[in-house]
Amino acid sequence: MSTRNRARLAYKLRYAARRPRSIVPYTRRLARDTWLRLRTRDHVGYYRAVMRSDTARSADGAVGTPTHDRWLALGRMQFDYLADHGLRPEDRMLEIGCGNLRAGRLFIEHLDTGHYHGVDISPDILFAAQETLVRYGLQDKLPHLTPVRDLRLDFLPDGLFTVIHAHSVFSHSPLEVIDECLAHVGRLLAPDGFFDFTYNETEGAEHHVLREDFYYRAATLIARAEAHGLVARPMDDWRKTGHKQSKLRVARPGQGTVSP
Ligand SMILES: C[S@@+](CC[C@H](N)C(=O)[O-])C[C@H]1O[C@@H](n2cnc3c(N)ncnc32)[C@H](O)[C@@H]1O
């Protein structure tokens with residue numbers, strides 16, 4: 001695990017010297033993000049504006065995949081992982097930050113009709129999600145796609161979800177957003193349900209780059225889950241996928257699904 005601090009000037013200068021072609025795109029991103037930050041009130045408003053700007057260029061790019069082949073591969077990776085962990089058609093799934101259904105389209109296809117719920121802070125990416133549904137002919141599966149202002153998720157019922165999933169969402173979230181989610185997600189979990197999320201892990205100082213990419217120590221996130229009466233454990237088998245983020249699984253204490 002890395003101890004690099006990407007927010008440090010020395011790191012940025014070294015990175016720029018090694019990859020001079022990254023300087024212009026980075027400077028553009030810095031200018032765009034500064035402008036968006038000045039025009040929005042909080043992190044969610046800011047990140048929604050980032051997503052609007054990115055989605056206007058490419059929905060696949062906005063969820064972090066520069067090519068459609070990578071979009072397909074990253075969706076398949078998430079699906080295969082949960083399928084290997086026993087995802088059943090009768091499971092009820094909530095995907096937090098579902099994007100344009102990179103993985104969601106596979107979950108929707110696998111799950112019983114009406115069993116998939118996707119939420120996202122970005123209406124623009126949810127329009128793109130509707131296009132994905134049409135492209136893959138999934139209308140009959142009646143998935144629920146809902147824009148959200150925050151992660152209180154108070155419009156959803158108690159104890160409904162057996163699987164809650166958030167991939168590459170907390171990697172873009174400050175601690176207060178993650179904490180809000182952990183404070184409320186336990187209410188939504190079925191008794192044997194679990195919540196899997198990925199995040200950028202560091203063993204050094206926690207930091208962020210442009211308030212777009214956040215790096216956390218595992219212990220910080222595990223402690224936040226515990227503070228909200230949940231237990232969390234690292235999913236080491238996720239590393240086999242080769243994905244650069246780490247994964248934690250959260251559940252209610254004493255529930256079998258979260259034990260090794
Ligand atoms: C990198 S994309 C990943 C999308 C999807 N999980 C996937 O793997 O294809 C991150 C998504 O999370 C959404 N997002 C970011 N912060 C969020 C928050 N606090 N609540 C809900 N969605 C959020 C973004 O709008 C974006 O669609």
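Quick note: the coordinates plus some simple rules give every number you see, no bench work behind them. Please read these numbers as outputs of a predicted model, since none were measured by experiment. Positions of Cβ are generated from backbone atoms using ideal geometry, with glycine treated the same way; all protein chains shown enter the neighbour counts.
In degrees, nearest 10, range 0 to 90: what is the angle between the Cα axis of helix 218-227 and the longest Cα principal axis of the chain? Taking Cα atoms only, the helix is inclined about 50 degrees.
Quick one: longest stretch of the chain between exposed loop chymotrypsin sites (Phe, Trp or Tyr not before Pro), exposed meaning at most 16 other C-beta atoms within 10 Å and loop per DSSP?
On the way: sites that count: 136, 155.
With a cap of 16 other Cβ atoms within 10 Å, the longest stretch comes to 1-135.
In terms of its C-alpha gyration tensor, the range 21-60 comes out oblate, because a/c is 1.5 or above while a/b does not outweigh b/c.
Where both residues lie in the chain, what percent of DSSP beta bridges are antiparallel, nearest 5? Display every interim value, and only then the final one.
Numbers: 12 of 30 bridges.
Around 40 percent of the beta bridges assigned by DSSP in the chain are antiparallel ones.
With the cut-off at 1.5 for a/c, could you classify the range 93-168 from its C-alpha gyration tensor as rounded, prolate or oblate? Walk me through the intermediate numbers first.
Values: a/c = 1.77, a/b = 1.19, b/c = 1.48.
It is oblate, given that a/c is not under 1.5 and a/b is not larger than b/c.
Hey, what did the chain get for relative contact order, percent, Cα under 8 Å, at least 6 apart? Present the calculation step by step, with values, prior to reporting the outcome.
Values: 428 pairs, mean separation 43.4, N = 260.
The value is 17 percent.
Here's the picture: charge each Lys and Arg Cβ at +1 and each Asp and Glu Cβ at -1 in the chain, and of 38, 24, 111 the one pushed furthest to the positive end of that dipole is 24. Using a simple spin-label model with pseudo-atoms 7 Å out from Cα toward Cβ, residue 67 and residue 244 lie 1.7 nm apart.
Assuming 0.36 nm per residue, please report the length gained on full extension of the stretch residue 136 to residue 154 beyond their Cα-Cα distance. 3.5 nm is the gain from fully extending residue 136 to residue 154.
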